[in-house]
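K.L.:
The following block contains the structure, expressed as structure tokens.
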Amino acid sequence: MPSRAATRAVPKSSEPIWDEVVSVEVGEHELDREKVLLAVVNHDTNKLMAKAAVPLKSLEVGRHYSMALDLGDGAVLNVTVVIPHAPQRELDFLKHNADYTRVEASVTGITGDSGSGFAGPVVAVWSVTKDSAAARAAPGGKKIDLYRRADAASETDVVNQIVKLNGEFKARDMVPVLQGSTLGGPPLWPSGHRACFYAQRSAIQIGAGIVVELMNRYVLRFPNPGLPVLSLSW
């Protein structure tokens, strides 16, 4: 796996949407001092238009961190950063949080009305509930900021927002799952990519379940979306 990667070029657009996943390799022993460096470059002139950095030290393994990085002058770069695997870091977390267990889940397919006229991306919000029947009957959840805003010029602010996300969503993961803005869009991630979060063992009992809500930028639920087909792993 390379230590750097690039998206495709989006021609003739001042508001490019990539809907793309790129991967870079970082040694686990380097996570505490490494950063994901992001650069927006004009493909034709190679001119650097904007840049940002996301330090990896505070990221929990498997969790998806969706950031709206304020580049200044009204420009915002929406990115999602995830460390999919880091066995030693995960082991250290579980040693210090003995009552927690790792939960993984993924959307493998969606059937029914795909919806239209929405603003993407489509995001799956995963959590654990002690009462799956009550969760199934409940209305849509409260509005959630799918992308946490941070000042791209300040690594301190970026880190502070990541730390806040860790505290607010200990037992939740928010994962952009589909390209485009409807339920009919193709999967964003490669096959086998999963959401990951940590749930207290006391919450995993008879009647408990995993809750997934499909959201996008402006609405909490799609009309008549059909039932997601879920692949779950504990």
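The values are calculated or read from the model by the stated rules, or taken from the named source; none is laboratory data. No experiment lies behind these values; they were computed from the predicted model shown. As a convention, Cβ positions derive from the backbone with ideal geometry for all residues, glycine included, and neighbour counts pool all protein chains shown.
K.L.:
Being within 16 Å of the chain's Cα centre (by Cα) and buried (at least 20 other Cβ atoms within 10 Å of the Cβ) is the filter; apply it to the range 147-160 and report the residue that is nearest to TYR198 (Cα to Cα).
P.N.:
TYR147
K.L.:
Need the failing condition index for ALA52 against (1) over 25 Å from LEU178 (Cβ atoms); (2) touching a residue at least 40 places away in the same chain (Cβ under 8 Å), just the number.
P.N.:
ALA52 satisfies all of (1) over 25 Å from LEU178 (Cβ atoms); (2) touching a residue at least 40 places away in the same chain (Cβ under 8 Å) except (1).
K.L.:
If you take the residues in the range 40-80 that are aliphatic (A, V, I, L, M) and in a loop (DSSP other than H, G, I, E, B), which one is farthest from GLU168 (Cα to Cα)?
P.N.:
LEU56
K.L.:
Out of all the residues in the range 173-190, is one or more assigned to a loop (DSSP other than H, G, I, E, B), out of contact with any Gly (no Cβ under 9 Å at 6 or more places or on another chain) and free of Cβ contacts under 8 Å to residues at least 60 places away in the same chain?
P.N.:
no
K.L.:
For the subset of the range 57-90 comprising residues that are hydroxyl-bearing (Ser, Thr, Tyr) and surrounded by fewer than 19 Cβ atoms within 10 Å (Cβ to Cβ), which member is nearest to LEU165 (Cα to Cα)?
P.N.:
SER58
K.L.:
Among the numbered criteria (1) surrounded by fewer than 20 Cβ atoms within 10 Å (Cβ to Cβ); (2) at pLDDT below 90; (3) out of contact with any Asp or Glu (no Cβ under 9 Å at 6 or more places or on another chain), which one does PHE93 miss?
P.N.:
The failed condition is (3).
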